[in-house]
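Heads up, the thing below is written out as C-alpha coordinates.
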Amino acid sequence: MKLNKFAAALAVSSMFASGAAMAEPFYMDVTQFSSSYAGDGTTASIFQLAVDWSATSTYTDDNGTAGLNIGDSVTDSGGGSVSNFLGSTGSAILGGNNNEGIGSNYQIRFAYTDLSGTIAAINLASTAILANYTSGTIYVYGSAIDINGNIVAPELQLLTLNVFASAGDLANAIIYATVSNPLADTWFFPPATDWSDVTVAINMRLDTNLDTRTAPTSIGNGQYTRSTTLNGSVEFNRVPEPGILALLGVGLFGLGAARRMKKAS
(Lines give C-alpha, C1' and ligand atoms only; values in the text may rest on other atoms or scores of the structure.)
Protein backbone atom coordinates (compact mmCIF):
# COMPACT_ATOMS: atom_id res chain seq x y z
CA MET A 1 0.00 0.00 0.00
CA LYS A 2 1.72 3.17 -1.16
CA LEU A 3 1.45 6.24 1.07
CA ASN A 4 0.58 8.72 -1.65
CA LYS A 5 -2.40 6.72 -2.97
CA PHE A 6 -4.83 8.09 -0.39
CA ALA A 7 -6.28 11.54 0.28
CA ALA A 8 -7.04 12.45 3.89
CA ALA A 9 -10.50 12.58 5.47
CA LEU A 10 -11.38 15.32 7.93
CA ALA A 11 -14.45 13.32 8.89
CA VAL A 12 -12.29 11.37 11.32
CA SER A 13 -10.28 14.31 12.66
CA SER A 14 -12.34 14.26 15.85
CA MET A 15 -10.44 11.11 16.80
CA PHE A 16 -7.34 13.28 17.09
CA ALA A 17 -8.97 16.36 18.60
CA SER A 18 -10.40 14.26 21.42
CA GLY A 19 -6.90 13.85 22.84
CA ALA A 20 -7.14 10.06 22.96
CA ALA A 21 -3.86 8.21 23.19
CA MET A 22 -3.01 7.29 19.62
CA ALA A 23 0.72 6.69 19.68
CA GLU A 24 1.92 3.46 18.10
CA PRO A 25 5.53 2.51 18.89
CA PHE A 26 7.99 2.41 16.03
CA TYR A 27 11.74 2.15 15.61
CA MET A 28 14.37 3.44 13.21
CA ASP A 29 17.44 2.00 11.52
CA VAL A 30 19.73 5.02 11.45
CA THR A 31 22.41 3.20 9.46
CA GLN A 32 20.43 4.11 6.34
CA PHE A 33 21.39 7.79 6.67
CA SER A 34 24.32 7.77 9.09
CA SER A 35 27.38 5.57 9.55
CA SER A 36 28.09 7.23 12.90
CA TYR A 37 25.86 5.57 15.46
CA ALA A 38 26.29 4.34 19.01
CA GLY A 39 25.25 0.69 18.82
CA ASP A 40 23.83 -1.62 16.18
CA GLY A 41 22.01 1.24 14.47
CA THR A 42 18.52 0.15 15.50
CA THR A 43 16.73 2.26 18.11
CA ALA A 44 14.51 1.04 20.90
CA SER A 45 10.74 1.42 20.45
CA ILE A 46 9.88 5.11 20.09
CA PHE A 47 6.45 6.45 21.09
CA GLN A 48 7.05 10.11 20.25
CA LEU A 49 9.64 12.40 18.70
CA ALA A 50 10.35 15.49 20.82
CA VAL A 51 10.85 18.45 18.47
CA ASP A 52 12.04 22.06 18.74
CA TRP A 53 11.93 24.67 16.00
CA SER A 54 11.57 28.26 14.95
CA ALA A 55 9.03 29.68 12.53
CA THR A 56 8.33 32.96 10.75
CA SER A 57 4.80 33.93 9.79
CA THR A 58 3.96 36.56 7.18
CA TYR A 59 0.41 37.92 7.31
CA THR A 60 -1.28 39.95 4.56
CA ASP A 61 -4.20 42.33 5.09
CA ASP A 62 -6.22 41.08 2.11
CA ASN A 63 -9.48 42.88 2.81
CA GLY A 64 -7.95 46.35 3.16
CA THR A 65 -9.28 46.99 6.64
CA ALA A 66 -7.05 48.42 9.34
CA GLY A 67 -4.80 45.68 10.72
CA LEU A 68 -5.22 41.92 10.58
CA ASN A 69 -8.55 40.12 10.64
CA ILE A 70 -10.00 36.64 10.26
CA GLY A 71 -9.66 35.57 6.62
CA ASP A 72 -6.42 37.43 5.93
CA SER A 73 -3.73 35.21 4.40
CA VAL A 74 -0.69 33.77 6.14
CA THR A 75 2.44 32.01 4.90
CA ASP A 76 4.88 30.27 7.24
CA SER A 77 8.48 29.17 6.85
CA GLY A 78 10.69 27.53 9.41
CA GLY A 79 12.57 24.49 10.57
CA GLY A 80 13.86 22.58 13.54
CA SER A 81 15.12 19.26 14.79
CA VAL A 82 14.30 16.18 16.85
CA SER A 83 15.75 16.70 20.31
CA ASN A 84 14.89 13.31 21.82
CA PHE A 85 13.11 10.03 21.29
CA LEU A 86 10.39 9.55 23.92
CA GLY A 87 9.19 6.30 25.45
CA SER A 88 5.70 5.22 26.53
CA THR A 89 5.80 7.44 29.64
CA GLY A 90 6.88 10.54 27.71
CA SER A 91 10.43 10.45 29.10
CA ALA A 92 13.52 10.63 26.90
CA ILE A 93 14.95 7.28 25.80
CA LEU A 94 18.49 7.16 27.17
CA GLY A 95 21.52 5.02 26.36
CA GLY A 96 23.44 4.76 23.12
CA ASN A 97 22.12 1.29 22.37
CA ASN A 98 18.57 2.63 22.70
CA ASN A 99 18.67 6.01 20.97
CA GLU A 100 21.79 5.32 18.85
CA GLY A 101 23.15 8.76 19.74
CA ILE A 102 20.39 11.09 18.52
CA GLY A 103 21.70 14.66 18.66
CA SER A 104 25.32 13.58 19.11
CA ASN A 105 26.10 11.02 16.40
CA TYR A 106 23.36 12.02 13.98
CA GLN A 107 20.52 14.51 13.60
CA ILE A 108 16.99 14.51 12.26
CA ARG A 109 15.74 17.87 11.12
CA PHE A 110 12.79 19.32 9.19
CA ALA A 111 12.15 22.43 7.11
CA TYR A 112 9.33 24.15 5.24
CA THR A 113 8.89 27.36 3.25
CA ASP A 114 5.30 27.33 1.97
CA LEU A 115 2.89 26.50 4.77
CA SER A 116 -0.05 28.61 3.61
CA GLY A 117 -3.60 29.43 4.65
CA THR A 118 -5.70 32.12 6.31
CA ILE A 119 -6.22 33.54 9.80
CA ALA A 120 -8.91 31.48 11.58
CA ALA A 121 -8.91 33.29 14.95
CA ILE A 122 -7.12 36.30 16.34
CA ASN A 123 -6.71 38.10 19.66
CA LEU A 124 -4.26 40.94 19.24
CA ALA A 125 -4.59 41.89 22.90
CA SER A 126 -2.77 38.66 23.77
CA THR A 127 -0.92 38.58 20.41
CA ALA A 128 -2.48 35.15 19.72
CA ILE A 129 -3.22 34.15 16.12
CA LEU A 130 -4.53 30.79 14.84
CA ALA A 131 -4.00 29.96 11.17
CA ASN A 132 -6.08 27.58 9.06
CA TYR A 133 -3.43 25.98 6.84
CA THR A 134 -4.57 24.47 3.56
CA SER A 135 -1.29 23.64 1.79
CA GLY A 136 2.45 23.29 2.22
CA THR A 137 5.22 20.71 2.32
CA ILE A 138 7.40 19.76 5.29
CA TYR A 139 10.62 17.90 4.49
CA VAL A 140 12.36 15.67 7.05
CA TYR A 141 16.11 14.96 6.72
CA GLY A 142 18.72 12.84 8.46
CA SER A 143 22.51 12.93 8.55
CA ALA A 144 25.60 12.06 10.59
CA ILE A 145 27.07 14.96 12.59
CA ASP A 146 30.33 15.71 14.37
CA ILE A 147 30.78 16.84 17.99
CA ASN A 148 29.99 20.42 16.94
CA GLY A 149 26.76 19.45 15.25
CA ASN A 150 28.13 19.87 11.74
CA ILE A 151 26.98 17.48 9.00
CA VAL A 152 29.77 15.06 8.12
CA ALA A 153 27.95 12.90 5.61
CA PRO A 154 25.45 13.54 2.81
CA GLU A 155 22.07 14.53 4.21
CA LEU A 156 19.21 12.29 3.04
CA GLN A 157 15.49 12.98 2.91
CA LEU A 158 13.68 10.72 5.40
CA LEU A 159 10.03 11.72 4.91
CA THR A 160 7.78 14.23 3.18
CA LEU A 161 4.69 15.65 4.91
CA ASN A 162 2.06 17.10 2.57
CA VAL A 163 -0.11 19.53 4.55
CA PHE A 164 -3.75 19.82 3.51
CA ALA A 165 -5.63 21.23 6.54
CA SER A 166 -5.34 22.34 10.16
CA ALA A 167 -7.40 23.05 13.27
CA GLY A 168 -6.83 23.98 16.91
CA ASP A 169 -7.35 27.03 19.08
CA LEU A 170 -5.48 30.20 20.03
CA ALA A 171 -3.18 28.23 22.34
CA ASN A 172 -2.44 25.19 20.18
CA ALA A 173 -2.33 24.12 16.56
CA ILE A 174 -3.35 20.90 14.83
CA ILE A 175 -1.87 20.28 11.38
CA TYR A 176 -3.05 17.49 9.07
CA ALA A 177 -0.80 16.02 6.40
CA THR A 178 -0.33 12.98 4.24
CA VAL A 179 3.02 11.19 4.42
CA SER A 180 5.08 10.21 1.40
CA ASN A 181 8.59 9.14 0.37
CA PRO A 182 9.79 7.38 3.54
CA LEU A 183 13.44 6.40 3.17
CA ALA A 184 13.40 2.63 2.64
CA ASP A 185 14.66 0.39 5.45
CA THR A 186 14.61 3.32 7.92
CA TRP A 187 11.16 3.53 9.55
CA PHE A 188 9.55 0.40 11.01
CA PHE A 189 6.57 -0.69 13.04
CA PRO A 190 7.38 -3.78 15.15
CA PRO A 191 8.22 -6.45 14.47
CA ALA A 192 9.62 -5.43 11.05
CA THR A 193 7.05 -3.56 8.92
CA ASP A 194 8.85 -1.10 6.66
CA TRP A 195 6.95 2.16 6.18
CA SER A 196 7.54 1.87 2.44
CA ASP A 197 4.76 -0.74 2.39
CA VAL A 198 2.15 0.81 4.70
CA THR A 199 0.05 3.94 5.06
CA VAL A 200 0.94 6.04 8.09
CA ALA A 201 -0.99 8.61 10.13
CA ILE A 202 0.85 11.42 11.91
CA ASN A 203 -0.26 12.95 15.19
CA MET A 204 1.66 16.08 16.14
CA ARG A 205 1.22 17.95 19.40
CA LEU A 206 2.39 21.55 19.34
CA ASP A 207 3.26 23.77 22.26
CA THR A 208 2.88 27.37 21.13
CA ASN A 209 4.33 28.90 24.27
CA LEU A 210 6.72 31.48 22.90
CA ASP A 211 10.04 32.52 24.40
CA THR A 212 9.00 36.11 23.68
CA ARG A 213 5.41 36.58 22.52
CA THR A 214 5.22 39.74 20.46
CA ALA A 215 2.62 41.25 18.19
CA PRO A 216 3.14 40.98 14.43
CA THR A 217 5.28 43.82 13.07
CA SER A 218 4.20 45.82 10.02
CA ILE A 219 6.61 45.59 7.08
CA GLY A 220 4.57 47.78 4.77
CA ASN A 221 2.17 47.17 1.90
CA GLY A 222 -0.39 45.65 4.25
CA GLN A 223 1.95 42.90 5.42
CA TYR A 224 2.99 41.89 8.92
CA THR A 225 5.54 39.39 10.19
CA ARG A 226 6.40 37.58 13.39
CA SER A 227 9.02 34.96 14.36
CA THR A 228 8.30 32.40 17.06
CA THR A 229 9.86 29.41 18.80
CA LEU A 230 7.91 26.25 19.54
CA ASN A 231 8.25 22.73 20.86
CA GLY A 232 6.06 19.65 20.94
CA SER A 233 5.94 15.98 20.05
CA VAL A 234 5.10 13.80 17.06
CA GLU A 235 3.36 10.43 17.07
CA PHE A 236 2.96 7.93 14.23
CA ASN A 237 0.11 5.48 13.64
CA ARG A 238 -0.82 2.97 10.98
CA VAL A 239 -3.99 3.62 9.02
CA PRO A 240 -6.71 0.89 9.16
CA GLU A 241 -6.92 -1.79 6.50
CA PRO A 242 -8.30 -0.84 3.04
CA GLY A 243 -11.80 -2.13 3.86
CA ILE A 244 -12.07 0.22 6.84
CA LEU A 245 -10.61 3.05 4.77
CA ALA A 246 -13.42 2.54 2.27
CA LEU A 247 -15.99 2.87 5.04
CA LEU A 248 -14.38 6.10 6.20
CA GLY A 249 -14.41 7.48 2.69
CA VAL A 250 -10.83 7.95 1.61
CA GLY A 251 -8.34 7.56 4.41
CA LEU A 252 -6.86 8.96 7.56
CA PHE A 253 -3.78 11.03 8.07
CA GLY A 254 -3.05 13.77 10.60
CA LEU A 255 -0.76 16.01 12.48
CA GLY A 256 -3.00 16.62 15.45
CA ALA A 257 -4.61 16.05 18.83
CA ALA A 258 -3.41 19.37 20.17
CA ARG A 259 -2.37 19.20 23.78
CA ARG A 260 -0.23 21.79 25.46
CA MET A 261 3.20 20.67 26.54
CA LYS A 262 5.06 22.64 29.16
CA LYS A 263 8.02 24.35 27.58
CA ALA A 264 11.35 23.23 29.01
CA SER A 265 12.74 25.80 31.40
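The values are calculated or read from the model by the stated rules, or taken from the named source; none is laboratory data. Just so you know, these numbers come straight off a predicted model, no measurement behind them. When we count neighbours, we look across all protein chains shown, and the Cβ atoms used for this are built from the backbone with ideal geometry, even at glycine. Surface accessibility is based on the protein's heavy atoms, side chains included, excluding ligands, DNA and RNA. Shrake-Rupley method; radii C 1.70, N 1.55, O 1.52, S 1.80 Å.
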* Structure fact -> Scoring the range 23-125 by relative contact order with C-alpha pairs under 8 Å, at least six apart, yields a percentage of 31 percent
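Using a 1.4 angstrom probe on heavy atoms only, work out the carbon and sulfur share of the accessible area of the range 41-81 in %.
Values: 770 of 1510 Å².
Percent of accessible area from carbon and sulfur atoms in the range 41-81: 51.
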* Asked: Mind listing the phi-derived Karplus ³J(HN,Hα) values for the range 148-160, rounded to whole Hz, using 6.51, -1.76 and 1.60 with θ = phi - 60°, and x for any glycine or proline?
  -> 9, x, 7, 5, 10, 9, x, 7, 10, 7, 9, 7, 10
* Determine ³J(HN,Hα), in whole Hz, for all residues of the range 76-83 in sequence, where each value follows from phi through the Karplus function 6.51 cos²θ - 1.76 cosθ + 1.60 and θ = phi - 60°; x replaces Gly and Pro. => 10, 9, x, x, x, 8, 7, 8
* Asked: Tell me, what does the Kirkwood hydrodynamic radius of the range 17-151 come to in angstroms if you use every pair of distinct C-alpha atoms?
  -> 17.3 Å
* **Amide hydrogen neighbours beyond the local backbone of ILE46, cut-off 5 Å, H modeled** => PHE26, TYR27
* Scan around ASP52 for amide H atoms under 5 Å from its own, H built in the peptide plane at 1.01 Å from N, and keep only partners 5 or more places away or cross-chain. => SER81, SER83
* **Net charge, PRO182 excluded, C-beta distance under 10 Å - Lys, Arg +1, Asp, Glu -1** => -3
